[in-house]
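Accompanying notes for the structure given below.
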Amino acid sequence: MPAPVPRQRAIPAAECGQAQAVPAAGGPSDDVAPPRRGAARTDQTVRDTATADNDTAHPTLTLLLIQDDPTAAPIVPDLLDSDGRPIRVRTARNLTEAERLLTDDVHCILLDLALPAPGRAAKGETDEELAVLRHVLRLAPRHAVLALTASGDAERGAEAVRVGAQDYLFRDELDGRLLSRAIRYAVERKRSDTAERRLAEGKLRAQENARLERGLLPTPLLEGSPLRFAARYRPGRSRALLGGDFYDTVRTPDGTVHAMIGDVCGHGPDEAALGVELRIAWRALTLAGLCGDELLGTLQQVLEHERGDDEIFATLCTVDIAPDGRRAGLCLAGHPAPLIAAPGRPARLLPQENNGPALGLLPGARWPRMQVELGAEWSLMLYTDGLIEGRVGAGRKERLGQDGMVEMIRRQFSEGLSGEALLRAAVSEVRELNGGELTDDVAVVLLDRVP
């Protein structure tokens, strides 16, 4: 009777460096490619392997061994992860083959540092120290890498770690337990390093964005004017400094103070960028001498050219206060009317009967300029609809609205609040009435004339 053939562990062709097509499920070709002669693999083993591969919570670890002589691989037959499941091993004889086998399911690379550097092996040249490691790190920046070096060559192993490997191992001192533990350690260390790097990059981007957005907020140009200026800005986007609301204030050489506040529909980064463009355009046009209908018509052209969608529009309120401070011109483009308060008179809204359409809605639209009397001493507040659209009352089904805002500002004026303190109290109270953070951007500008 012939001697029995020893049973061998089946190794899938794809894990031996050989390409193997995987047929579509459901057809007669669903069977796994037959193992090498003498190998045994039951249907239950196939099902168990498929279950492990699909376990997203604890995926099966896959090791890619890069070594020029796979028959001399110092890998023991059985490598187990922390859950006792086999660690899959793929073997590549060179870097070209390694690149083909380096798929997303590979968790760790075991690289023999004795492998010739790319482009030098064929010429027989002496390879640059750790050039092959640097090549693999460039090839697989997201994978954990273990360096394999000669026994006793700890200096080269330590240098490999400094270059970017997660750890190093001695070629002649490997066993299954040591290698399994080293793989798990390298994978976790790579995950930790990646998470720490992403956190640092996220913080850096946040700081850069904050500096950029802070730089885009306006600095009022009021030198020589007796008017006092205060502003409050609160974007609706989480962790942002800039939203779709925008404002500005400048004084032209003739002594006229021009103030503006606007709101681009939406409050994402694209709307914020468009708001900045409109604000800068408004300042340039105002300093160039444009005012009223002519200025708003030009701004509408800017909006139409810069918006990413034809449905994007912007509301706007502009006032130009005469050099003596007693009267002003008012233009409204779909925007709420400003609020004015004066000693002995309760806070009230300026007229808004001639409110024109928002910018970007009607081609060829016109925006009439209204003349309003301010008096000798007054406070003028410009705001966006984020201040009046917060919810109030039980169940918070109703909005604060302009009437509710006017009553709130009257009370705060009677309590002696003014300037920054008034705006801070107003925004805080609106948030409290809303029961939490407001979802829309809020911008408020306050100009005071005190003789």
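The values are calculated or read from the model by the stated rules, or taken from the named source; none is laboratory data. This one's a predicted model, so the numbers in the text were calculated from it and none came from an experiment. As a convention, Cβ positions derive from the backbone with ideal geometry for all residues, glycine included, and neighbour counts pool all protein chains shown.
Annotation note: Cβ proximity below 8 Å between a residue of region 129-144 that is surrounded by fewer than 18 Cβ atoms within 10 Å (Cβ to Cβ) and a residue that is among the acidic types (Asp, Glu) (sequence gap 6+ or interchain) occurs for GLU129/GLU159; LEU139/GLU99.
Across region 351-373, the number of residues qualifying as surrounded by fewer than 20 Cβ atoms within 10 Å (Cβ to Cβ) and hydrophobic (A, V, I, L, M, F, W, C) comes to 5.
The sole residue among VAL302, VAL319 that is touching a helix residue (DSSP H, G or I) at 6+ places or on another chain (Cβ under 6 Å) and in the same structural domain as ALA365 (by TED's automatic domain parsing) is VAL302. Any residue at all in region 159-177 that is buried (at least 18 other Cβ atoms within 10 Å of the Cβ), out of contact with any Ser or Thr (no Cβ under 7 Å at 6 or more places or on another chain), at pLDDT 90 or above and among the polar types (S, T, N, Q)? Among the residues of region 159-177, at least one is buried (at least 18 other Cβ atoms within 10 Å of the Cβ), out of contact with any Ser or Thr (no Cβ under 7 Å at 6 or more places or on another chain), at pLDDT 90 or above and among the polar types (S, T, N, Q), which makes the answer yes.
Name the single residue that is modelled with the highest pLDDT among those in region 92-133 being farther than 16 Å from HIS143 by Cβ and of a type in the set (Val, Ile, Thr). Selected residue: THR96.
Here ALA92, ALA114 are screened, and the one residue that is surrounded by fewer than 16 Cβ atoms within 10 Å (Cβ to Cβ) and either of a type in the set (S, T, N, Q) or in contact (Cβ under 8 Å) with a residue 24 or more places away in the chain (or both) is ALA114. Taking region 289-321 as the range and being within 10 Å of CYS331 (Cβ to Cβ) and either outside any loop (DSSP other than H, G, I, E, B) or basic (Lys, Arg) (or both) as the test, the residues that pass are GLY292, ASP293, LEU295, LEU296, LEU316, CYS317, THR318, VAL319, ASP320. Quick one: would you say ALA421 is at pLDDT 95 or above and crowded, with 20+ Cβ neighbours inside 10 Å? No. Would you check if there is a residue in region 245-263 being of a type in the set (Phe, Trp, Tyr), assigned to a helix (DSSP H, G or I) and within 18 Å of ALA358 (Cα to Cα)? Taking every residue of region 245-263 in turn, none turns out to be of a type in the set (Phe, Trp, Tyr), assigned to a helix (DSSP H, G or I) and within 18 Å of ALA358 (Cα to Cα).
Listed by position, the strands (runs of 3 or more DSSP E) inside region 324-430 whose residues that are assigned by TED's automatic domain parsing to the domain that holds PRO226, charged (D, E, K, R) and in contact (Cβ under 8 Å) with a residue 40 or more places away in the chain number at least 3 form an empty set.
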